[in-house]
1. Read through the list (1) of a type outside the set (S, T, N, Q); (2) in a loop (DSSP other than H, G, I, E, B); (3) surrounded by fewer than 20 Cβ atoms within 10 Å (Cβ to Cβ), then give the number of the only condition that Glu460 fails.
2. Please give the number of the condition Asp384 fails out of (1) modelled with pLDDT of 95 or more; (2) buried (at least 22 other Cβ atoms within 10 Å of the Cβ); (3) touching a Phe, Trp or Tyr at 6+ places or on another chain (Cβ under 7 Å).
3. When segment 294-331 is examined, which residues are found to be touching a Leu at 6+ places or on another chain (Cβ under 8 Å), among the hydroxyl-bearing types (Ser, Thr, Tyr) and not in a helix (DSSP H, G or I)?
4. Just to check your reading of the model, which residue among Phe59, Phe28, Phe2, Phe52 is part of a loop (DSSP other than H, G, I, E, B) and more than 25 Å from the chain's Cα centre (by Cα)?
5. For segment 145-158, enumerate the residues that are touching a strand residue (DSSP E or B) at 6+ places or on another chain (Cβ under 7 Å) and within 27 Å of Ala247 (Cβ to Cβ).
6. Please work out if Phe277 is more than 26 Å from Met24 (Cβ to Cβ) and either assigned to a loop (DSSP other than H, G, I, E, B) or not assigned by TED's automatic domain parsing to the domain that holds Glu134 (or both).
7. List every residue pair whose Cβ atoms sit under 6 Å apart, with the two residues 6 or more apart in sequence or on different chains, where the first one lies in segment 87-112 and is modelled with pLDDT of 95 or more and part of a strand (DSSP E or B) and the second, anywhere, is polar (S, T, N, Q) and crowded, with 17+ Cβ neighbours inside 10 Å.
Amino acid sequence: MFKTLDEVKKYCKEQNIQMVDFKMIDLFGRWRHLSIPVGRFNEDTMENGIGFDGSNYGFAPVEKSDMVFIPDITTACLDPFVEVPTLSMIGDVFVIGNPNRRFEQDPRNVAYHAEEYMKSTGIADEMRIGPEFEFHVFDHISYEVKPNSTGFKIDAEQAEWNSSEQEFQNLGYKIPNKAGYHIAPPMDILYDLRSQMCMLMEERDIPVKYHHHEVGGPGQVEIEVEFGPMREMADKTMLIKHIVKNAAFASGKSATFMPKPLFAEAGNGMHVHMHLFKEGQPVFYDEKGYSGLSQTALYFIGGMLKHAPALCALTNPSTNSFKRLVPGYEAPVTIGFATANRSAVIRIPAYAKAPDKKRFEMRCPDATCNPYYAYAAILMAGLDGIDKKMDPVEMGFGPYDYNLYHLSEDEQAKLKSLPKSLDEALEALEADHDFLLKGNVFPERLIEIWIEKKRKEVAELNQIPHPAEFGLYYDL
């Protein structure tokens, strides 16, 4: 939004801005923030930054936890969810020194180095991505984990389970199970809220492609945005989640990007469309290639599929992620590629035919990921495929131009599948992460910390009794 501090100061004066809010992303992908009065935002802030405790962000050990963040004024935008006029911007994390240096584990720094590594290869100078944002909007959510009581309660006004509600006014028009795709009003009661979210995005330089109700009857919706450079889209991914959650909250509702909040209903993915460009020309197009793809594009796909199990530890880094990645829904489980096939990990849209539109999407990621790490890892896997000429056809990854869910058990047994749990994904990442270390993009220590902390997360969850276990085992 701004190029110079003077531009920021002029805007703040014109708009009567009273607070400046800085947002930093922690290890697992949550925004943290700190605010200062606008009069304290000056040259010293831009040069020396503001100190904070990095250990509370999950990054550094306590004995070396003092860090600073320095604002990136190009990310600034007006915060629409606060009473006091506030300008919000992202901060980059630096290690204190003489001079201060970028913290190598900082997610934005990792994404920056991934883009720089791509340029150094000569393959491309830009990766453009377009994420799809699926999420649920609920009217009630409560949960507890206690020694004597564990469970959750969710409600959505439009859910089929409310069709017999008599305590409160009931106007009917409930959405049947898994029947919400592109459903129209009055069943689609979330249309106005989605439009409000989209207008807030448009006002903050996030062009929206479209929005609609998704398959899940109890409040599942989708907003799809236009393409942008990889690191910029990681910034915008964080802003989009901020807008969605806060706009819903302001409307008395609760939005979640959790991959599988409801049993026996569609889950929330974050499909990532992508293509490479060099000097403005598309790298992935070849009129004579399979589905209009160049050999370079196929090598890129080969790298993504080869490293798919390890990627899942970064693109699907929650235990809940793998409750979505199961057969029978649109979420993929098979490591393969195909045209217009939603059951494969890599789908090539049949409608994207123009050279500058030719692309493919990775369908397994979800929004519990840290977008900077996830997008950077996808890029590094694809570049590794190009470097090593990983042909997905020769590697047995397809193309699978048929529904993979309808194969016999013998045929399905021949296919390679995504990890079935976060534990499996972490094992894959531990065994296969050299491709992430190229160009010093991902520090080895970051991979170690990620695996260590995520395994601790899994171990803790594995100790909690599940409500369904009482039905299965209580009487034995």
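The values are calculated or read from the model by the stated rules, or taken from the named source; none is laboratory data. None of the values given here were measured: they were computed from a predicted structure. No Cβ is skipped: glycine too gets one built from the backbone with ideal geometry, and neighbour counts run over all protein chains shown.
1. The number of the failed condition is (2).
2. Unmet for Asp384, out of (1) modelled with pLDDT of 95 or more; (2) buried (at least 22 other Cβ atoms within 10 Å of the Cβ); (3) touching a Phe, Trp or Tyr at 6+ places or on another chain (Cβ under 7 Å): (2).
3. Those that are touching a Leu at 6+ places or on another chain (Cβ under 8 Å), among the hydroxyl-bearing types (Ser, Thr, Tyr) and not in a helix (DSSP H, G or I): Ser318, Thr319.
4. Matching residue, one of Phe59, Phe28, Phe2, Phe52: Phe2.
5. Those that are touching a strand residue (DSSP E or B) at 6+ places or on another chain (Cβ under 7 Å) and within 27 Å of Ala247 (Cβ to Cβ): Phe152, Lys153, Ile154, Asp155, Ala156, Gln158.
6. No, not satisfied.
7. Met89/Thr75; Ile90/Thr75
One line per residue, one yes/no per condition, for (1) surrounded by 22 or more Cβ atoms within 10 Å (Cβ to Cβ); (2) in contact (Cβ under 8 Å) with a residue 60 or more places away in the chain; (3) in a helix (DSSP H, G or I):
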site	(1), (2), (3)
Met197	yes, no, yes
Pro218	yes, yes, no
Val221	yes, yes, no
Arg231	yes, yes, yes
Lys241	no, yes, yes
Ala248	yes, yes, yes
